[in-house]
1. Considering every Cα-Cα pair within the stretch B:81-180, what fraction, in whole percent, is farther apart than 22 Å?
2. Can you give me the three principal axis dimensions of the stretch B:35-101 from its C-alpha atoms, in Å, biggest first?
3. Provide the solvent-accessible area of A:D58, counting protein heavy atoms only and rolling a 1.4 Å probe, rounded to the nearest 10 Å².
4. Over the Cα atoms, compute the radius of gyration (one decimal) and Dmax (the largest Cα-Cα distance, rounded to a whole number) for chain C, in Å.
5. How big is the stretch C:13-70 along each principal axis, measuring the range of its Cα positions in Å and listing the largest first?
6. Applying the Karplus parametrisation 6.51 cos²θ - 1.76 cosθ + 1.60 with θ = phi - 60° to the phi angles of the stretch C:13-18, what ³J(HN,Hα) value in whole Hz is obtained for each residue in order, glycine and proline being reported as x?
7. What does DSSP give for the protein assembly as shown in terms of the percent of beta bridges that are antiparallel, rounded to the nearest 5?
8. Starting from the Cα gyration tensor of the stretch C:248-336, take the square roots of the eigenvalues, sort them a ≥ b ≥ c, and report rounded, prolate or oblate (rounded when a/c is under 1.5, otherwise prolate if a/b is larger than b/c, else oblate).
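The values are calculated or read from the model by the stated rules, or taken from the named source; none is laboratory data. No experiment lies behind these values; they were computed from the predicted model shown. Glycine also receives a Cβ, built like all others from the backbone with ideal geometry; neighbour counts cover every protein chain displayed. In case anyone asks, the SASA skips ligands and DNA or RNA and just uses the protein heavy atoms, side chains included. Shrake-Rupley method; radii C 1.70, N 1.55, O 1.52, S 1.80 Å.
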Amino acid sequence: MENRIDMKEKIAAMKPSAVWSEAGDGMFRVPATSFRSLAEKLRHEEGFDFLRSLTGMDWGEEGLGCVYHLENTSTGENVVLAAIDPDRENAGIPSVHDLWKGADFNEREAYDFFGIKFLGHPDLRRLFLRDDWKGHPLRKDYDSSLNPLNMENEETSNDAPSYEMTKDGSYILKRHPLFEDQEYVINIGPQHPATHGVLRFLVSLEGETIKKIDVHSGYIHRGIEKLCESLTYPQTLGFTDRLDYLGAMQNRHALCACIEKAMGLEVSERIQCIRTIMDELQRIDSHLLFVSCLCQDMGALTVFFFGFRDREKVLDILEQTTGGRLIQTYNTIGGVQADIHPEFVKKVKEFIKYMRPKLNEYHEVFTGNVIARQRLIGTGVLSREDAISFGATGGTGRASGWACDVRKRHPYAMYGKVDFKEIVLHNGDCFDRYMVRMLEIEQSLNIIEQLIDNIPEGEWQMKVKPVIKLPEGSWYTAVEGSRGEFGVYIESRGDKSPYRMKFRSTGLPLVSCIDTISRNAKIADLIAIGGTLDYVVPDIDR
Amino acid sequence: MMKRNVNIKSMKYEDFNDNEYIEQMLKELRDNGTNVVVGCLDDVIEWGRSNSLWPLTFATSCCGIEFMAIGAARHDFARFGFEVARSSPRQADFIMVAGTITHKMAPVLKRLYDQMADPKYVIATGGCAISGGPFKKSYHVVDGVDKIIPVDVYIPGCPPRPEAMLYGLMQLQRKVKAQRFLGGLNKGISEKEYERLMREDTNKAEDYSEYDESGLA
Amino acid sequence: MFDFGIVTNWIHTQLTSVMPDGLAIFLECLMIGICLLLLYVIIAIIMIYMERKVCAAFQCRLGPTRVGPWGSIQVICDVFKMLTKEIITIRHSDKFLYNLAPYMVILASVMAFACIPISRGMEILDFNVGILFFMAASSIGIVGILLAGWSSNSKYSLIGAMRSGAQMISYELSVGLSILTIVVLTDTMQFSEIVMRQADGWFIFKGHIPAVIAFVIYLIAGNAEVNRGPFDLPEAESELTAGYHTEYSGMHFGLFYVAEFVNLFIISGIAATIFLGGWMPLHIPGWDGFNAVMDWIPGFIWFFAKAFFIVWLLMWIKWTFPRLRIDQILTLEWKYLVPIGLLNLLLMVIVVVFKLHF
């Protein structure tokens, strides 16, 4: 947030009604009525083209609203806006889905959780909860007894509501059909081998060609954000591992870093270094699983087993130090759970030596295969503009030519000090998305290689008070997760538990762009696209 | 005819933790007694069924990755004959509920279970499926799949290690071996009751006729 | 070399000596039918076991090990399981066709299976248009698959069936063309005769270039014909859950499952018969001693060795290659295989007319 001072003056000049509030990272508070014009100006004149995160908020007496984290991808400037509507019963905020495509799903999420009506949003259905759910669970006044377990099958409604505001301040509800009667709609998921969990697509087909996809998620929505509000900070750590279980280390790293930032705690070099190595090991693990699953989806089962064979080696190393295979619960506030195992360095070096030649095996069996190339090259092209607009970070964004690596954009831990290449490819098709991950495994090995011999001496757990309380304010910290930018937004009111904790899902933007990139593709392409986007469903649903 | 003790190859009987449960089942069988021919036939069928349990590829979250890991090279549940994971519930023998079941997923899971062909089994894998695990207090999580469908084996852990899953699968094998296929004992409810329930279910389901057309598999 | 015809003739004379001709023939038909079905089941069991072991070997796994030595009776367990599993009837399905479909598939498979000559004198259906009959019988399977997809009232099944219809009918062409290439070389359509003509060298050697091309086309098209990877679109697990048999359970599903594996064997068996000499041992003209030694090995061993070698080849391909897309499958067939097949046929005619073959 380097250039915040300049932007501060600019925004104050643009919109006098925007109030700067200093606590934490600082943000501009804008009334809902004047938010839209400010957003338009920031998007079109100042070039804030990347909506990092959109957080629905319940500020109690002050009303409901949203927090927008914006970034200008060419200059790296960041700005945080908050739009507030004091009317709790009928909160309405103008939609920005046309400025940032990624806002589409995020606004549906905020509507689902808080009941904020986004004016002008074309499809304001619930995103995660059932259509017949009563109330909005993340509001502070939500009564959980309203919704007992309902075993009736859910009716899939075929119309999308949208809200518009009249001059006198009341809303008009309009409904648009999603699919025509004549369309041949098939249902993929929630239990389907290719959706990588419980995601559901309604696919309209013409022959084998896809005309439209409607994504239904929420089948594994566990309400983690709400749960966090009733737990102390150290207790919340347990959930991040279970969000994106293939990025357990990085997720927890983000949360710990965010809390440490809010506490003003600087961790030792040793901790930074251990965290970096662990993050990269986790990334290798995740990318290997990505390759395995992609190949399995495409029918090349042998590579699936190769991937799992090599993945077990990573898990062995992780397990020796952390005690967990998949969910390590290793990072803590101000350090790590335990010092590295005495054999850690030796094992990691052995692994690096083992892994490099094995990568060629994958290239021989899969990358070079004619059928694989035929199916991946040119399918599911995501343009650079779309990638930024949707906020599709990680390997997907980098395959589209967008250098979106948080490790380079906002270096954290040891990433500023090690030498590695950010892999950026330019075609944006499935093959590039696959190659980015393959090449990133090599880069991760490079990073580990540079650090593994130079782990500095020092303490592995800083002194932290037994009861952690954060000062008032709000903070956002992002790390490069296995599949994109994983961010944590904490709003604190000075308590020992957060007032609001939001996780920027890495998968939600990826899923939101699936309709755009798979139109006019075949069903088989949808599988390849889903495989290469590499989303993890519990991370989308949270 | 005496029903013999159930044995799992290269595992000692004492190595299993909850033998009382199996012994209870066996005792029930022995008390009722059976004819030699039926008993022998039963033994052969149970032997076949217990060694050919095909899972449904079903996973909702973290445990699903470990479920994949037991299929993969190091742990390889193909050794037990479990590897033919079917994607269609009609062809699967047991469903491994790997991961959290939420309110939105619960009717879907029930439906999957109903779509499976008898005899079918359920394994609840991991804390979430057993009791809701770390998400027990959430507004959208079912605290335990046994509230929705009958569970045969519970595998605790978060997520359970692959070894634990294999142990759980062996427990399921033992349970299958201690059952009686012909005659319907050990089923929990009587044959007549079962028939009645099935019929009721069918009649009720007629009301959802339009659902069948929607192609939800 | 041992002629199996001696055994069948002996049985025939023994039977006719105690009963009238009609009854004897009826009894023989019954015996042959039972033997055929038994052999069919045994081949299916061996194939399924082989598939599981071979794929495990490719994937650094062990495969079944717990039941019997090296897990060898694993498949028997599966059979017991399948037999005792409930057969679900689907509401709003066409019940008659739904129940008929698996039997159509298995019927086609058994009829095609009966065409394969296993050893000298050991062929069940052997007449002068054997190849024509084989092609006709094996294509009934498509009808079964289409019926299965249509009658189960599920969209996945329907898409799977339509894919399979498009794919199998297309690839039948290439299978036909490559077999026709050999028919041109041999000027007979009788399987036993085709095998006999290979006594002085297998056709893949005798017909040299066109025969090799035809062999490769036959393997590709045959693989597609039986819906095996990389052409397993009709039942593509990750796309259509289980394709045309999504809604089938119990033994009905078992029939599809068995037919798939035996069809693979049939395709390999036919490939072995018309290209690799069937049960005919390896003969090299001029090397009489060598030929005599080869003749000591019984014919059925030659046949099964060749057939299972091709099965192994196809399994290798299946477990390594990713799946094709439907448009790529049809492009491959109509734009490449059919034109190449036609040209190859022409080439073979030239070879035969100018006596360029060995």
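1. On the way: 1381 of 4950 pairs.
Looking at the stretch B:81-180, the distances longer than 22 Å represent 28 percent of pairs.
2. Sorted largest first, the three principal extents are 47, 27, 18 Å.
3. 0
4. So, for chain C, Rg and Dmax equal 21.3, 68 Å respectively.
5. That works out to 60, 18, 14 Å along the principal axes.
6. 5, 4, 5, 5, 6, 10
7. Numbers: 59 of 80 bridges.
Of the beta bridges lying entirely in the protein assembly as shown, close to 75 percent run antiparallel.
8. Oblate, since a/c reaches 1.5 and b/c is not below a/b.
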